[in-house]
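The block underneath contains the structure these notes are about, expressed in structure tokens.
We did not get these values from a lab; they are worked out from the coordinates using the rules stated. Please read these numbers as outputs of a predicted model, since none were measured by experiment. Here Cβ is always computed from backbone atoms with ideal geometry, including for glycine, and neighbour counts include all displayed protein chains.
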Amino acid sequence: MGKRVAVVGLGTMGSMTLWKLSQQGVDVTGFEQFGVGHDRSAVGGESRLFRTAYREGPEYVPLLKRSRELWRELEKESGNQLLTLNGGLTIDRANSDNFKNVLKSIYDYQINHEVFDIKEAVKLFPQHKFSEEDAVILDKESGFLRPELAVVSACYLAEKNGAEIYRHSKIDSINQKDEKVEIKSDGKVHEFDEVIVSAGSWVKELLPEFKEIIEPRRIIMSWFIPEDLAGFQKDVFPVFARTTEKYDFFGAPTLDQSMVKIALVGSDEPFANPNKLEHNIPYQEVLNQTEIVKSFFHGINPDPVRLSVHMDAYTPDEHALVGRIEDKSNIIVLSGYSGHGFKLAPIMGEIAAEIVLQDQTQHDINHMNPNRFKK
Ligand SMILES: Cc1cc2nc3c(=O)[nH]c(=O)nc-3n(C[C@H](O)[C@H](O)[C@H](O)COP(=O)(O)OP(=O)(O)OC[C@H]3O[C@@H](n4cnc5c(N)ncnc54)[C@H](O)[C@@H]3O)c2cc1C
């Protein structure tokens, strides 16, 4: 008989893992404390940026290239459009480390791109207000993903392939017992050969070894109304990530034909308890968003018309935790994607499936070793 496998948490990484395992005929069961595609953790907010030129480190580029193939596979199987490659701008001072890192990953991995000086950028991207020191890279292999549709599509396909999903089913504990893993939910005990814990910020509750390592952080998304929507369509307004002296922010074109998303990165402190995500937004946050739009854009009404609150799990070095929690353990963790994991979701599903079925992965994920923080 084949292995019985459980996936705890069917958000971003869990849904893709369930899909990948079910594709290979594995007897797999998924548990999700909320509904599938819910917006209470790291999914939600209409779009996610897909960038190939990567400031977080060039080691991500091969992973991103494979991920892109898998996004296309998920699109083909589901019939849904999930990834739109409309190009992505990096806007920063030309002499900054961030700008140099992005350029390095572009040259090292021959990513299709163009670099513009300010004169050219002003003509091509009139929606942005540039300063004299800025320079612009257009990564032509970037774009945006549809997060809710992606998660629901992966779970739907997994169920079609025979996976079982327990919705609204919170797992209370996970324990290795000899060769098996016991998980408890609502007083019931389930036993599996392998358990993948893709529980986002809740990993700190389920796996005590990561309690001090995983930090939930709140991320607020905001949307604004442009004066003329024609300038903010996907063909003329690439996704962008911009760093200025005071703010780090990113955005996407209009998807609903009424507003554009522009969101601030890293304005929130970590908080201890993932069950206590604060949905109330301090007014200063709204004023910061307004200042960003006034200072860095033309033709957008500076008051946000829609705001939404989400969270992601961060690690100290902002690389994820991926792999067996100990050498011989039958528990595999996938967490800590630190605000940049969505684009990697299908390759993370592939990696988890490889670890379960072959006990190793063909992909280089040394920088995500879950034991690297152990003293
Ligand atoms: C607002 C925002 C914007 C972002 N923008 C980008 C971007 O542009 N590009 C990009 O690549 N990345 C982006 N990210 C990061 C990316 O979305 C996350 O890194 C990724 O979604 C994390 O996935 P996850 O599977 O670890 O967590 P989640 O998707 O949160 O999944 C965890 C799941 O586990 C479930 N769960 C937890 N505990 C239990 C339990 N005990 N029992 C059962 N179920 C449980 C939760 O309910 C949840 O569904 C962004 C993140 C946020 C929040």
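Fully extending the segment from residue 193 to residue 159, taken as 0.36 nm per residue of separation minus the present Cα-Cα distance, adds 10.2 nm. Grab the other residues whose beta carbon is less than 15 angstrom from that of residue 256, score K and R as +1, D and E as -1, and report the net. In short, +2.
Between the helical axis of 97-108 and the longest alpha-carbon principal axis of the chain there is an angle of about 70 degrees.
Hey, for a label at residue 372 modelled as a point 7 Å past Cα toward Cβ, could you say which residues of region 90-112 have their backbone N under 19 Å away? In region 90-112, the label zone of residue 372 (backbone N under 19 Å from the point 7 Å along Cα→Cβ) covers 98, 101-102, 105. Here the label points at residue 298 and residue 114, each 7 Å from Cα along the C-beta direction, are separated by 1.7 nm in the simple model.
Strictly over 19 Å apart at the Cα level, which of 246/276; 76/343; 3/177; 129/343; 20/188; 104/140 would you flag in this model? The pairs that break the limit, which is 19 Å between Cα atoms, are 246/276; 129/343; 20/188. In a reduced charge model with +1 at each Lys and Arg Cβ and -1 at each Asp and Glu Cβ, region 230-303 shows a dipole moment near 180 debye about its Cα centre. In this simple spin-label model, placing a label point 7 Å from the Cα along the Cα-to-Cβ direction at both residue 279 and residue 360 gives a separation of 4.8 nm.
Would you order 259, 13, 368 from fewest to most other beta-carbon atoms within 10 Å of each residue's own beta-carbon?
Values: 259 21, 13 32, 368 24.
Ascending number of Cβ neighbours within 10 Å: 259, 368, 13.
Neighbour counts of other Cβ atoms within 10 Å put 181, 61 in the fewest-to-most order 61, 181.
With runs of 4+ DSSP H residues as the only contributors, calculate the mean residue ellipticity of the chain at 222 nm using -39,500 (n - 2.57) per run, divided by the residue total and rounded to the nearest 500. Don't skip to the end; give the middle numbers.
On the way: 8 runs with 95 residues, N = 375.
Here the helix-only value at 222 nm equals -8000 deg cm²/dmol.
Placing +1 on the Cβ of every Lys and Arg and -1 on the Cβ of every Asp and Glu, with no other charges, gives region 129-239 a dipole of roughly 400 debye about its Cα centre. Think of the chain as having a plus end and a minus end, set by charges on the Cβ of Lys, Arg, Asp and Glu; of 14, 219, 305, 14 sits farthest toward the positive end of this dipole.
Under a point-charge model restricted to the Cβ atoms of Lys and Arg (+1) and Asp and Glu (-1), what is the dipole moment magnitude of the chain relative to its Cα centre, in debye to the nearest 20?
Values: 44 positive and 57 negative charges, 45 e Å.
Computed about the Cα centre, the dipole is about 220 debye.
For residue 128, the amide hydrogen comes within under 5 Å of the amide hydrogens of 298, counting only partners 5 or more places away or on other chains and with H modelled in the peptide plane.
Here the gap between residue 131 and residue 317, fully extended at 0.36 nm per residue and compared with their Cα-Cα distance, gives a gain of 63.9 nm. Label separation (residue 290 vs residue 170): 3.8 nm, computed from points 7 Å beyond Cα along the C-beta direction. Net charge in the neighbourhood of residue 185 (other residues with Cβ under 14 Å of its Cβ; Lys, Arg +1, Asp, Glu -1) is -3.
A convex hull fitted around the alpha carbon atoms of region 327-375 yields 91 Å³ per residue.
Compute the semi-axes of the equivalent ellipsoid of the chain, taking the square root of 5 times each eigenvalue of the Cα gyration tensor, and list them largest first in whole Å. The partial results should precede the final answer.
Values: eigenvalues 263, 89, 75 Å².
That gives 36, 21, 19 Å for the three semi-axes.
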